[in-house]
Structure formats: C-alpha cells, structure tokens
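J.: I'd like to ask some things about the structure below.
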C-alpha cells in the first residue's frame with residue numbers, strides 16, 4: 001500500500017524534473033539563438049579595414065611657398081627711338097631693317113658720305129676743331145675714340161666717374177686737346193672719311209648704345225635734317241601692363257619666369273617699372289572707368305632663348321613673396337575662432353591655436369606650439 005501511495009509522488013517528481021529540463025533546454029536554445037544574433041550584430045559593428053574616416057583629414061607638410069601671379073605680356077624689340085638727321089645734304093643711302101647700329105660704323109649716307117655712329121648721351125652740336133674748348137660733346141668724342149682703340153692722350157678736364165643717380169648738369173666735360181684731334185684724324189683716315197682733323201655736326205650720329213634698325217622713315221633723296229629711321233634695343237624684352245596697385249611689389253632686378261608660345265619657360269628679370277599711370281579714368285568708348293596700369297619691362301636672362309621669335313604673346317610669372325621650408329596646410333583646414341584668429345582641429349577634436357603666414361595657391365603657412373611635420377588635422381578640402 002505504501003508503494004502505491006508513493007508512486008504518484010514519484011511520478012510527479014519525475015514530471016517536474018522533465019519540465020525543468022525542458023525549460024532549461026528552452027532557455028539554452030533561446031540563449032544560443034540570442035548569442036548567434038548578438039555575434040552577428042557585433043560583426044556588423046566592427047570597423048571595416050578600408051573604411052573612410054568620419055572627417056576628412058590632411059597632413060602638415062614642409063615646403064617652399066610663394067605668392068605669384070601670371071600676366072600676359074608682349075615679347076619684341078622694345079624702346080623704339082626715332083633718329084633725326086643733322087646738317088645739310090640729301091640722303092643717298094639707307095640701311096636695311098634689322099641692321100645693327102654699331103659704334104664707329106656708318107648708319108646712313110649723305111651726299112654719298114657716310115654718317116658714322118658714336119655712343120653717348122650728348123649730340124655733336126658744334127664744330128670741334130679748336131684745342132681748349134670743353135664740354136660733354138668733347139667727352140663723347142674722347143670716349144668713343146678710346147673705345148675704338150685710338151690713343152687720345154691725357155684728356156684734360158675729364159670729369160671723375162659719375163655717381164649712380166647723379167645729374168649731368170654739373171659735369172663740365174672733357175677738354176679738347178691736340179692729341180685728341182690727332183686721334184680723330186687717324187680715325188677718319190682709317191674709315192675712309194675726309195681727313196679734316198675736325199668734327200662738325202652731321203658727321204656722326206650719337207645714340208645711347210647698341211641698337212637695331214626697326215624701320216625706315218625717310219626715302220632716298222630726302223633732306224637729311226628730318227626723321228630718318230627708327231631704332232630699338234638689340235635685346236628682346238617683354239612689355240607687361242600691371243595693375244597700378246600690384247606694381248608696388250615689383251622691383252627692378254626681380255626674377256621672373258617667361259612662358260613662351262611653345263610652352264617652354266625661360267628665366268627673366270625686371271629691367272624697369274614705369275612711373276606713369278595709364279588709364280584709370282572714364283575716357284574709354286564704353287564710358288566705364290579703365291583700369292589704372294603701369295608698364296613693366298622684362299628681359300630674358302639669355303637672349304638666345306628667344307632668338308627665333310620677333311614678336312609673340314607670352315605669360316610672365318611674378319613672384320611677390322616667398323617662404324622657404326615652412327609648415328603648410330590647405331586653407332580649408334583653418335577654423336576661424338569667435339575671439340579672433342585661427343585654429344586647427346586634430347582628428348580627436350582638440351583645437352590648436354595657430355598663427356598664419358603667407359597664403360598662396362590654396363595653401364597657408366602655419367605655426368603654433370606643438371605643431372610638427374606629419375601631424376594630421378581636419379580639413380574641408
């Protein structure tokens with residue numbers, strides 16, 4: 001009887017164990033499913049190896065930075081000057097365009113007599129034949145004969161070398177001596193001129209230096225006392241119109257780069273900066289104010305680099321400012337601070353106050369405590 005009474009209790013205990021085991025299996029089964037789901041979710045949240053960062057960054061670099069601008073210019077033989085004849089007579093022979101105007105050589109002929117070339121800054125304005133007279137025209141005569149290899153003897157009254165920028169008005173000039181007149185006569189003999197031993201206006205034409213004939217204005221048979229021809233420098237130059245405000249940063253002697261039509265670039269230098277402003281008023285046809293400009297002259301360092309070009313449109317690059325081996329970042333990396341100035345932002349969000357230097361070509365020079373080459377910062381470009 002006792003066994004029969006215990007059987008139901010034992011059955012109930014076994015039922016509870018089975019239910020517990022079933023529940024445990026259910027929990028374990030659900031846990032396994034949940035673990036699989038969490039594992040998959042975790043894998044989805046892992047960063048991808050080649051994924052893009054949430055903010056674009058750039059690296060601080062050290063390089064040379066220069067502020068430059070490129071302007072269009074015209075290459076050609078610049079500095080055209082008109083040569084006028086002196087004295088009486090008719091033109092009987094003229095040079096050809098592109099002929100070189102050389103010291104001691106004939107430039108044109110009057111009444112079939114050659115008119116020779118002297119270099120200088122004062123024309124022969126009187127007859128030089130009497131020892132004792134002095135002046136700048138005597139200095140021109142003496143300097144040219146010496147340059148041509150003639151012994152002129154001591155030049156009495158010759159001024160000391162001129163200081164740069166000094167005026168000519170106070171210079172008395174050299175004194176005409178018998179030795180100088182004798183040298184003049186020898187030169188006349190050697191060049192096939194009449195050996196007079198004196199120099200009269202019209203026998204020589206004085207120009208500042210070596211030139212080339214750019215054009216003929218007179219005709220054979222015209223009186224010599226008129227405009228005879230035009231000359232230009234033997235060196236090619238580039239004429240560039242520069243905004244009058246920008247021209248303030250350009251100096252004589254500055255180095256430039258000249259891009260030729262062939263895309264070849266050659267070095268050049270600034271030889272002059274104009275002082276006369278052109279334009280800047282409303283006198284043009286449209287009634288609008290024209291741009292105020294100054295003319296800047298540039299010459300190639302090596303004239304042979306442009307020997308095949310007589311005239312051409314070129315691009316001239318002027319470098320106004322330059323920094324060597326400085327830290328730079330793209331301008332888009334700058335953050336304007338509310339209190340003024342700029343900062344850079346590191347990828348972690350930290351702001352670093354900086355000082356800016358030269359801005360050029362989308363880059364900016366930066367400096368600040370703790371900044372070094374290779375640092376990464378946030379940028380928008």
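J.: Just to be sure I understand the filter: pairs with C-beta atoms under 9 Å, separated by 6 or more residues or on different chains, first member in region 244-271 and surrounded by 13 or more Cβ atoms within 10 Å (Cβ to Cβ), second member in a helix (DSSP H, G or I) and at pLDDT below 95. Which pairs pass?
T.: Hits for this filter: 258/305; 258/306; 260/305; 260/306; 266/305; 266/306.
J.: I'm told residue 202 meets every condition in (1) at positive phi; (2) surrounded by fewer than 17 Cβ atoms within 10 Å (Cβ to Cβ) except one. Can you identify the failing condition by its number?
T.: (2) is the only condition that residue 202 fails.
J.: Which number in (1) surrounded by 13 or more Cβ atoms within 10 Å (Cβ to Cβ); (2) in contact with a helix residue (DSSP H, G or I) (Cβ under 8 Å, 6 or more places away or on another chain) marks the one condition that residue 194 misses?
T.: (1)
J.: Give the residues of region 213-237 that are buried (at least 19 other Cβ atoms within 10 Å of the Cβ) and touching a helix residue (DSSP H, G or I) at 6+ places or on another chain (Cβ under 9 Å), sorted by residue number.
T.: 236 - this is the single residue of region 213-237 that is buried (at least 19 other Cβ atoms within 10 Å of the Cβ) and touching a helix residue (DSSP H, G or I) at 6+ places or on another chain (Cβ under 9 Å).
J.: Which condition number in (1) at pLDDT 95 or above; (2) more than 22 Å from residue 55 (Cα to Cα); (3) touching a helix residue (DSSP H, G or I) at 6+ places or on another chain (Cβ under 9 Å) is the one that residue 316 fails?
T.: (3)
J.: Go through region 66-96 and report how many residues are outside any loop (DSSP other than H, G, I, E, B) and modelled with pLDDT of 90 or more. Spell out the reasoning first.
T.: To start, the set of residues in region 66-96 that are outside any loop (DSSP other than H, G, I, E, B) comprises 66-76, 81-84, 90-93.
Cutting the leftovers down to modelled with pLDDT of 90 or more gives us 70-76, 81-84, 90-93.
Qualifying residue count, region 66-96: 15.
J.: Now, a different point. Which ones in region 358-381 are touching a residue at least 60 places away in the same chain (Cβ under 8 Å), out of contact with any helix residue (DSSP H, G or I) (no Cβ under 8 Å at 6 or more places or on another chain) and in a strand (DSSP E or B)?
T.: 358, 360, 365, 366, 376
Conditions tested, residue by residue: (1) under 20 Å from residue 209 (Cβ atoms); (2) surrounded by 17 or more Cβ atoms within 10 Å (Cβ to Cβ); (3) in contact with a helix residue (DSSP H, G or I) (Cβ under 6 Å, 6 or more places away or on another chain); (4) at pLDDT 95 or above.
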| position | (1), (2), (3), (4) |
| --- | --- |
| 117 | yes, yes, no, yes |
| 138 | yes, yes, no, yes |
| 141 | yes, yes, no, yes |
| 144 | yes, yes, no, yes |
| 156 | no, no, no, no |
| 166 | yes, no, no, no |
| 169 | no, no, no, no |
| 177 | no, yes, no, yes |
| 183 | no, yes, yes, yes |
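J.: Please count how many residues of region 193-226 are in contact with a strand residue (DSSP E or B) (Cβ under 9 Å, 6 or more places away or on another chain), part of a loop (DSSP other than H, G, I, E, B) and closer than 19 Å to residue 87 by Cβ.
T.: If we filter region 193-226 for residues that are in contact with a strand residue (DSSP E or B) (Cβ under 9 Å, 6 or more places away or on another chain), which is where we start, we get 193-194, 198-200, 202-226.
Then keep just the ones that are part of a loop (DSSP other than H, G, I, E, B); that gives 193-194, 198, 200, 202-203, 208-210, 217-222, 224-226.
The next check asks that each one be closer than 19 Å to residue 87 by Cβ; those that pass are 193-194, 198, 200, 202-203, 217-222, 224-226.
Adding up the residues that qualify gives 15.
The values are calculated or read from the model by the stated rules, or taken from the named source; none is laboratory data. Given the structure is predicted, the values throughout are model-derived calculations rather than measurements. A quick note on method: Cβ atoms are made from the backbone with ideal geometry, for glycine too, and the neighbour counts reach across all protein chains shown.
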